[in-house]
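Only one structure is covered here, and it is reproduced in the block below.
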Amino acid sequence: MPLMQIQNLTMRFSGITAIEDLSFHIEESSITSLIGPNGAGKTSAFNCMTGFYRATSGDILFEGESLLGLKPYRITQKGIIRTFQNVRLFKNMTVLENVMSGAHSISRQSVFGALLRHPAERREEREIREAAEYYLGYVGILDKQNEVAKNLSYGDQRRTEWARALAAKPKLLLLDEPAAGLNREEKDRLVALIRRFRTDFGMTVFLIEHDMDLVMKVSEQVIVINFGTKIAEGTPFEVQSDPRVIEAYLGTDE
Amino acid sequence: MGFIKQTCHTALKPVRQAYGLLSENKRVQYIVCAALFAAMVAGPLFLGRYVIGVMWDAMFYMLLALGLNIIVGYCGLCDLGYAAKFAIGAYTTGICIQTFGLSFWLSLPVSVVMAIITAVLIGAPTLKLRSDYLAIVTLGFAEIVRITARNLEITGKATGLHSIERPSLFGLQLTKTEHWYYVFLVLVVAFIFISYRIRNSRFGRALAYIREDEDAAQAMGVNTTRYKLYAYMIGAVLGGITGSFYAVRMASISPTTFDFNQSANILLAVILGGMGKIPGVLAGAAFFAIFPELFRDIPVVGDMRMLFFGLLLVVVMILRPQGLWPERKKR
C-alpha cells in the first residue's frame, strides 16, 4: 500500500477550479515531486494535503486513513510535516526555540507540567532541547542557535525551517518549493540533503517545485500537472520526453 | 521627529550600557533582583502611609498586567475587556462573603471557577475565529458585566457592595495598609513565578508560536484553538484572583471601578512595558500607578497631568514601538 493516496481530488474556489480530478500516490520511502508551471495548482494540492484547504471532493488517504476534514495540527500529529514556500519562521524567537517547535507534536507536557516542573516535565524539556540541538547540528547551523530568527541570512532561515521539520520526526516530509531563492551551489547541496533525509531518517519526501533541473536530479517519481489536472506521471526521464510536458512548459509551436 | 529620536538616543546611552552589563551577567541580574525584593520587603518600615499606598497601587496594577500579559503578551490575543475578569473575581468574592457568609479563603476557589466558566463561555466560540474578533467580543462582554453589575440587586446596583469583611490570616485580621502591602507583594512574586514557568515551557513556547505565526504553529502540530483558550483561561484566573483580593482590600466595590478606562489602562501598561517581557510589564504597570501621583501636587501641570501622560505615551510609542524594555539581544 502506498504511504499516501490522492484520489480524484477536486478543489474549487467560488467558480474557479484550482484542481480537477487529480489522482496520484506517494510510495513509502520514495522521493516524489509534483511539478507544473506557475498557477497549475501545485500549492492548492499541497494545502489540501496538509489540511489548510478543505477539498471540494475526492479523498486523501494516509496509511489507509482519510485526512479529509482534519485540521492542520491533526495531520501534523499523524506524521506529516510541511515547510512553507516563503519560509515561515517564528521571527522574534531564537533559532533553537524555532526548532524546538518541531518536537511539539511528539511531546505532551502542558499547563500543569509547566507550573509544577516535575521530573517527567524536566526530562521531556531536556529531550526536546537535545533533539533541537541535534537537528541544528545536522543542517549545520548549531552555532546560530541563540540568534533571533529574523536576523539570519535567507539560506540559514531555510536551514532552520528544515531542522524544525526534521525535529518532528515525520513519516512524510512535504517541501513547498524548497529551492526557491537558492543559488546553483545551494541547490546542489539541497539535492544531497534531501537524499540524506531519506537515508538517515527513513522518511518519505514529497516536494513541489518548478525548478525542473532540481526535480529531475532528486526525484524518482514525478507528477506533472497543468491547469489543475495531471498531464503526465513517471520517472524523470519519462516525464522529460513527454510531449504534453514540453508543451506545458514551453508552449506549443503553432 | 528624527531630531527627537536622535536626542533621546544619545541621552539614553548610559541606560543602555547599564542594561548591557545587566543582561550579560546572570549573577548581577540575581543581585539586582534580590536587592529590589529586599527593598520592597523593608519599604514599609521607612516609608510613610501615602507612599505605601501608592506602592500598593503599583503592585495591584502589576498583578493585572501580569495576568493580561499571558493573553496579550504571550499569546498575542487582543483583549479589550480585562476589567471584566477582575470584576467577576471581585463580585464573586463580595457576594460569597456578604450573601452566603463564606470566608474569603473559601471564596477564592469560587472566583477561580467563575473565571474559568466565563473564559470558556467567551473564548470557546470566538477563539476559533481569527484573533481580531476577540477584541470586539471582550470589549462588549466587559460592558455587559459592568451594566449587569449596576442593575442587579445581588451586586448592590450602582452603589456596589460595601463593608465587605476583611479576612484574617493566621489569626491576624488584615486591616492595615502594611498588611495589604505584604499580601500583594507575595501575590506579585507568585504571579511572576507563574509567568516565568509558563514562559519557559513547551506550553509557553506554543503560545509564542501562535503569537508569531498562527499558521506555522498549526503546521507544527499546535492545536491553536485549544492553546488560545488555555491562555485566555489562565489570564482570566489570574485576573479573578486579583479581583478577589481587591474586593477585600478595598472592602467596597462599585461598577465604576470596572469601566473601559480600567481595561485600557491595563492593556496600555502591558504594551508600554513591552509585550511578553516580564520586567517590562512590571515597569509599565508601576509607571501607570506612579506617574499620575508624581504630578498631582504641581499647580497647573497637575490638572493637565493626563494630557502629559498621553503625550508621553505617544513619544514612547514612537521611540520604542516594541515597548520600554529593550529587545532581547543575542545571548
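Dividing the Cα radius of gyration by the Kirkwood radius, what Rg/Rh value follows for the protein assembly as shown? Mind showing how you got there, number by number?
On the way: Rg = 28.4 Å, Rh = 26.9 Å.
With Rg and the Kirkwood Rh in hand, the quotient comes to 1.05.
To make sure I understand, if each residue's beta carbon is the centre and we count other beta carbons within 10 Å, what order do B:C75, A:C48 fall in, fewest to most? Please report the intermediate quantities before stating the final value.
Values: B:C75 28, A:C48 25.
Ordered by Cβ neighbours within 10 Å, fewest first: A:C48, B:C75.
Among A:L116, A:L142, A:L207, whose mean-square fluctuation peaks in a Gaussian network model of chain A (Cα, cutoff 10 Å)?
A:L116
Partner chain Cβ atoms within 10 Å, averaged over the residues of A:102-110 - can you pull that number for me?
Values: counts 2, 4, 10, 5, 1, 2, 1, 3, 7.
The shielding value for this peptide is 4.
How much of the DSSP bridge set in chain A is antiparallel, in percent, rounded to the nearest 5? Intermediate results must be reported in sequence, preceding the final value.
Details: 20 of 37 bridges.
Just about 55 percent of them are antiparallel.
Counting other C-beta atoms within 10 Å, and keeping those with at most 11, which DSSP coil GluC sites (Glu not before Pro) do you find in the range B:143-247?
B:E153
In debye to the nearest 20, how big a dipole does the range B:142-276 give about its Cα centre with +1 on each Lys and Arg Cβ and -1 on each Asp and Glu Cβ?
On the way: 13 positive and 9 negative charges, 58 e Å.
Roughly 280 debye for the range B:142-276.
Net charge around B:A231, counting only other residues with Cβ within less than 11 Å of its Cβ (Lys, Arg = +1; Asp, Glu = -1)?
Working: positive: B:R211, B:R226, B:K228; negative: B:D79.
It works out to a net charge of +2.
For a footprinting-style exposure proxy, rank B:D215, B:D132 by other Cβ within 10 Å, fewest first. Could you put the intermediate results ahead of the total?
On the way: B:D215 13, B:D132 10.
The fewest-first ordering by Cβ neighbours comes to B:D132, B:D215.
Return the lysines within reach of B:K13: Cα separation strictly under 24 angstrom, same-chain partners fewer than 8 residues apart disregarded; answer none if there are no such residues.
Answer for B:K13, where 24 Å is the Cα cut-off: B:K5, B:K26, B:K277, B:K329, B:K330, listed by chain and number.
Just to check I understand the Karplus step: with θ = phi - 60° and J = 6.51 cos²θ - 1.76 cosθ + 1.60, what whole-Hz values come out for the range A:53-62, glycine and proline as x?
So the J values, rounded to whole Hz, are 10, 9, 4, 5, 8, x, 9, 10, 10, 10.
Just A:T32, A:T43, A:T235 to compare: in a GNM of chain A, with alpha carbon springs under 10 Å, which one fluctuates most?
A:T235
Pull up the cross-link candidates among the lysines for B:K85, meaning alpha carbon to alpha carbon under 17 Å and not fewer than 8 places away within one chain.
B:K228
Could you work out the mean count of beta carbons from other protein chains within 10 Å of each residue's beta carbon in A:36-45? Don't skip to the answer; put the middle values down first.
Details: counts 0, 0, 0, 0, 0, 0, 0, 0, 0, 0.
Per residue, the number of nearby Cβ atoms from other chains is 0 on average.
Quick check: Cα centre of the range B:49-111 to Cα centre of the range B:161-176, how many Å?
Distance between centres, Cα-based: 17 Å.
Determine the shielding of peptide A:181-189 by partner chains: average, over its residues, the number of Cβ atoms on other chains within 10 angstrom of each Cβ. Intermediate values should be presented prior to the final figure.
Details: counts 0, 0, 0, 0, 0, 0, 0, 0, 0.
Partner Cβ neighbours, averaged per residue: 0.
Can you list residues from other chains, or at least 5 along the same chain, whose modelled amide H is less than 5 Å from the amide H of A:S29?
A:T204
Just subtract the alpha-carbon distance of B:S103 and B:A34 from 0.36 nm times their residue separation and send over the number in nm, one decimal.
Value of the extension gain: 21.4 nm.
With a 10 Å cut-off between alpha carbons and a GNM built on chain B, which of B:T118, B:T99, B:T224 moves the most?
Highest fluctuation among the options: B:T99.
Using a Förster radius of 35 Å, what is the FRET efficiency between B:C78 and A:R244 based on their Cβ-Cβ separation? Nearest 0.05, please.
On the way: r = 51 Å, r/R0 = 1.45.
Efficiency, from the Cβ-Cβ distance: 0.10.
With unit charges on the beta carbons (Lys and Arg positive, Asp and Glu negative) and the dipole taken about the Cα centre of the range B:223-331, which residue among B:L313, B:I234, B:A286 sits farthest to the positive side?
Looking along the dipole axis, the top candidate is B:I234.
Please report the relative contact order for the range B:147-305, taking Cα pairs under 8 Å with a sequence separation of at least 6, and give it as a percent rounded to a whole number. It would help to have the intermediate numbers written out before the result.
Numbers: 109 pairs, mean separation 36.0, N = 159.
After rounding, I find 23 percent.
Tell me the relative contact order for chain A as a rounded percent, counting alpha carbon contacts under 8 Å between residues six or more apart. Let's see the in-between values first.
Values: 457 pairs, mean separation 68.6, N = 254.
This gives 27 percent for chain A.
How are the C-alpha pair distances of the range A:88-169 spread across 10 Å bins, as whole percents from the shortest bin up?
20, 49, 25, 5
From the mean inverse distance of alpha carbon pairs (Kirkwood) and the Cα radius of gyration, derive Rg over Rh for the range B:49-319. Don't skip to the end; give the middle numbers.
Values: Rg = 18.5 Å, Rh = 19.1 Å.
Answer for the range B:49-319: 0.97.
For chain B, calculate the relative contact order in percent as a whole number, restricting contacts to Cα pairs under 8 Å that are 6 or more residues apart.
Values: 456 pairs, mean separation 98.5, N = 331.
Relative contact order, chain B: 30 percent.
Given a Förster radius of 35 Å and the C-beta distance between B:A264 and A:N86 as r, what FRET efficiency does 1/(1 + (r/R0)^6) yield to the nearest 0.05?
Working: r = 36 Å, r/R0 = 1.03.
Efficiency for this residue pair is about 0.45.
Taking amide H positions as placed 1.01 Å from N in the peptide plane, with prolines and chain starts having none, which residues 5 or more places from A:I231, or on another chain, fall under 5 Å of its amide H?
Excluding prolines and chain starts, which carry no amide H, the hits are A:V224, A:I225, A:N226.
For chain A, what is the number of Lys pairs with C-alpha distance below 12 angstrom, counting only pairs 8 or more positions apart or on separate chains? Kindly include the intermediate steps, with their values, before the conclusion.
Details: A:K42/A:K230; A:K78/A:K169; A:K78/A:K171; A:K91/A:K150; A:K187/A:K217.
Total qualifying Lys-Lys pairs in chain A comes to 5.
All of the numbers you see were taken from the coordinates with simple rules; none came from a lab. None of these values were measured; they are calculated from a predicted model. Cβ atoms come from the backbone with ideal geometry, glycine included; neighbour counts cover every protein chain shown.
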